[in-house]
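Quick one: the structure is below, questions incoming.
The values are calculated or read from the model by the stated rules, or taken from the named source; none is laboratory data. Note that the coordinates shown come from a computational prediction; the quantities given were computed from them, not determined experimentally. Ideal geometry is used to build each Cβ from the backbone, glycine not excepted, and the neighbour counts take in all protein chains shown. Note: accessible area is taken over every heavy atom of the protein model, side chains too, but ligands, DNA and RNA are not part of it. Shrake-Rupley method; radii C 1.70, N 1.55, O 1.52, S 1.80 Å.
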Amino acid sequence: MTRDLKSIIMWYLSDGLINIASMTGVLLLAERFSGIGIWSKYQIIFMLGYASLITVLLSFFFGYNVDHISRRVGRGQLDHTLIQPQPLWLSLVTEGFSPFYASSVLIPGIVLIWWAGSHLNLHYTAVWVALLLINLGASTVIAICFQFIWGSMAFWAPRSAEEINSSTMQLMQQLKAFPLDGLSPVVVVSLLTALPVGFLGWVPARALLG
Amino acid sequence: MQVDRGEIVAFAGPNGAGKSTTIKLLSGIIAPDSGKVHSLGVNPFTDRVNYVGRIGVVFGQRTELWGDLPVAASFEWKRVVWDIPMDRYAIVMKQVRELLDLDEFFQSPVRELSLGQRMRADLALALLHEPELILLDEPTLGLDVLAKKKILGFIKQLNKERGITVLITSHDMSELEQLAGRIVLIDHGKLAFDGDFQQLRKSLTEKRTVIVETTDSTPPVLVHAMLVESISNRHQYTYDSAQITLPELLEQISQQTEILDIGTHRPPIDDVISEIYAHWRRWANGYTFTQTYFRQD
């Protein structure tokens with residue numbers, strides 16, 4: 001990516017396109033049906049913006065395959081991390097800090113939140129912004145824990161589970177921006193525990209939108 | 001198993017014997033299920049953070065270099081993470097760059113390096129913080145003869161000049177024999193042999209090879225020796241030196257034909273090891289291989 005200016009531009013363009021494309025589905029559904037279930041169009045857009053920022057934070061702080069820990073485990077790369085003279089968490093956090101990755105989603109994410117908020121008459125007070133940041137932090141921690149729990153499968157089956165975090169990440173990306181209202185209690189509980197995508201969009205959006 | 005400071009120990013065994021696991025135990029990456037590991041006076045697993053600052057590890061099949069970045073960036077990264085003082089860093093960098101010829105590719109991205117170049121850079125990186133012990137897990141895997149020679153020579157020199165303790169695993173026995181005086185063989189996680197290469201050869205086999213050139217193209221028929229091949233008037237035999245001596249064999253030959261030339265050699269170390277591994281495979285079911293088997297001499 002950092003080889004030359006051309007590579008940087010190409011990378012940002014392609015990454016931006018991929019991320020915009022991944023949002024388009026939910027956006028079009030909300031537009032076509034003026035919302036999804038009891039959620040209005042702008043509430044959905046707010047949730048979409050919030051969920052996009054989770055993607056940004058995951059890539060910001062847990063890039064370089066830290067958010068795909070199964071790859072590191074399966075490929076034996078964790079051994080290299082463990083021969084560094086510092087605690088494992090410190091190595092992972094410093095190696096994972098990659099502020100340029102996913103920054104193409106940062107601006108669209110903020111724009112979506114701002115756009116939705118302006119139609120929902122949100123008051124951007126310091127308390128509300130602090131709550132937004134706390135929620136974003138908590139959602140990111142839940143997402144990375146979820147990735148680590150599934151990624152640990154690679155300790156038992158390095159070859160076959162090496163890419164398991166790609167599937168779990170994809171699952172999170174696809175489901176995190178959908179409202180869970182109207183689903184059966186069993187499904188809702190499952191999506192808040194075993195597969196906690198509800199905490200990456202739905203629950204925080206409810207809390208922040210009141 | 002005990003390794004003294006300043007020793008070079010070759011660590012070998014068939015696939016799945018536990019060589020890499022032992023390296024991981026000694027690196028503090030994993031803890032033993034039973035038994036104890038002590039290295040440089042500490043428990044590698046519980047004292048990992050401090051301990052790994054005193055050792056260097058090279059995993060031959062994987063690299064510690066940052067793939068997307070120039071080689072130089074990995075060295076700079078190591079200086080910072082290992083907190084190497086600038087003056088020491090400059091001295092060691094100068095040494096490794098010269099001895100391992102890093103200059104030709106030092107600014108190239110790691111992805112563009114050949115296997116030999118990558119291995120040299122990995123070895124240099126492992127030595128940057130002047131470790132007291134280096135653990136090398138198949139460091140010459142896939143390298144050409146020249147690259148192997150360069151790396152082995154460097155390890156030997158390092159051991160001689162700085163007294164660094166070296167534990168090296170490889171499947172190439174002749175390479176290990178060049179490097180180390182002592183060889184430790186393991187099988188299924190158990191110590192199977194611990195001694196020098198001479199002992200290893202002697203303890204397992206007394207097999208010898210003799211090539212005789214005679215005036216006659218018909219190979220002489222010998223007692224206690226087996227004809228391996230016969231090309232025109234050159235005949236190759238194998239024999240067990242415990243059963244018959246070389247002079248006795250030559251006497252048998254001279255009774256049948258005239259000897260023009262003779263040559264003898266012992267089996268290469270790779271053949272000896274292959275024989276050991278074959279034994280282990282044959283006796284895998286129910287047979288426990290013990291050290292005494294090897295040490296009967």
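Within segment B:45-58, is even one residue part of a loop (DSSP other than H, G, I, E, B), at pLDDT 95 or above and touching a helix residue (DSSP H, G or I) at 6+ places or on another chain (Cβ under 6 Å)?
no
Among B:Gln198, B:Gln178, which is the only one that is under 30 Å from B:Phe154 (Cβ atoms) and without any contact (Cβ under 8 Å) to a residue 12 or more places away in the chain?
On inspection, the qualifying residue turns out to be B:Gln198.
How many residues are free of Cβ contacts under 8 Å to residues at least 24 places away in the same chain, within 24 Å of A:Leu120 (Cα to Cα) and not charged (D, E, K, R) when one looks only at segment A:1-39?
Result for segment A:1-39: 9.
Give the number of residues within segment A:64-98 that are over 17 Å from A:Glu163 (Cβ atoms) and of a type outside the set (Ser, Thr, Tyr).
16
Quick one: in segment B:49-79, of everything that is open to solvent by less than 30 Å² (accessible area, probe 1.4 Å), more than 17 Å from A:Glu95 (Cβ to Cβ) and of a type outside the set (A, V, I, L, M), which residue is farthest from the other protein chains (Cβ to nearest Cβ)?
Step by step, filter segment B:49-79, then rank; the result is B:Gly60.
When the residues of segment B:80-99 are filtered to those that are of a type in the set (D, E, K, R) and open to solvent by 80 Å² or more (accessible area, probe 1.4 Å), which remaining residue is farthest from the other protein chains (Cβ to nearest Cβ)?
The extreme case among them is B:Glu98.
Right, here's the next one. For segment A:155-189, which residues satisfy the criterion of being outside any loop (DSSP other than H, G, I, E, B), buried (at least 16 other Cβ atoms within 10 Å of the Cβ), modelled with pLDDT of 90 or more and not β-branched (Val, Ile, Thr)?
A:Asn165, A:Met169, A:Met172
Here are some residues: B:Asp122, B:Asp144. Which one is over 10 Å from the mean Cα position of the chain (by Cα) and open to solvent by less than 30 Å² (accessible area, probe 1.4 Å)?
One residue alone meets the criteria, B:Asp122.
Ok, one more. Return the only residue of B:Leu26, B:Leu100, B:Leu113 being under 23 Å from B:Lys148 (Cβ atoms), in the same structural domain as B:Leu191 (by TED's automatic domain parsing) and at pLDDT 90 or above. Steps first, please.
Working: B:Leu26 fails: under 23 Å from B:Lys148 (Cβ atoms); B:Leu100 fails: at pLDDT 90 or above.
One residue alone meets the criteria, B:Leu113.
Of the residues A:Val56, A:Val105, A:Val129, only one is more than 14 Å from the chain's Cα centre (by Cα), among the β-branched types (Val, Ile, Thr) and part of a helix (DSSP H, G or I); which?
Going through A:Val56, A:Val105, A:Val129 in turn, just one is more than 14 Å from the chain's Cα centre (by Cα), among the β-branched types (Val, Ile, Thr) and part of a helix (DSSP H, G or I): A:Val129.
So for segment B:195-205 (the condition being surrounded by fewer than 19 Cβ atoms within 10 Å (Cβ to Cβ) and at pLDDT 85 or above), does at least one residue qualify?
The answer is yes, given that some residue of segment B:195-205 is surrounded by fewer than 19 Cβ atoms within 10 Å (Cβ to Cβ) and at pLDDT 85 or above.
Those residues that are open to solvent by 20 Å² or more (accessible area, probe 1.4 Å) and away from chain B (no Cβ under 14 Å), I need them from segment A:79-103; list them, please.
Matches in segment A:79-103: A:Pro99, A:Ser103.
So which residues in segment A:190-210 are assigned to a helix (DSSP H, G or I) and exposed (fewer than 15 other Cβ atoms within 10 Å of the Cβ)? I'd like the intermediate steps shown before the answer.
Restricting attention to segment A:190-210, the residues satisfying the condition of being assigned to a helix (DSSP H, G or I) are A:190, A:197-200, A:202-209.
The one that is assigned to a helix (DSSP H, G or I) and exposed (fewer than 15 other Cβ atoms within 10 Å of the Cβ): A:Ala207.
Right, something else. If I filter segment A:1-46 down to residues being surrounded by 14 or more Cβ atoms within 10 Å (Cβ to Cβ) and of a type in the set (Val, Ile, Thr), which single residue comes out as nearest to the other protein chains (Cβ to nearest Cβ)?
That would be A:Ile20.
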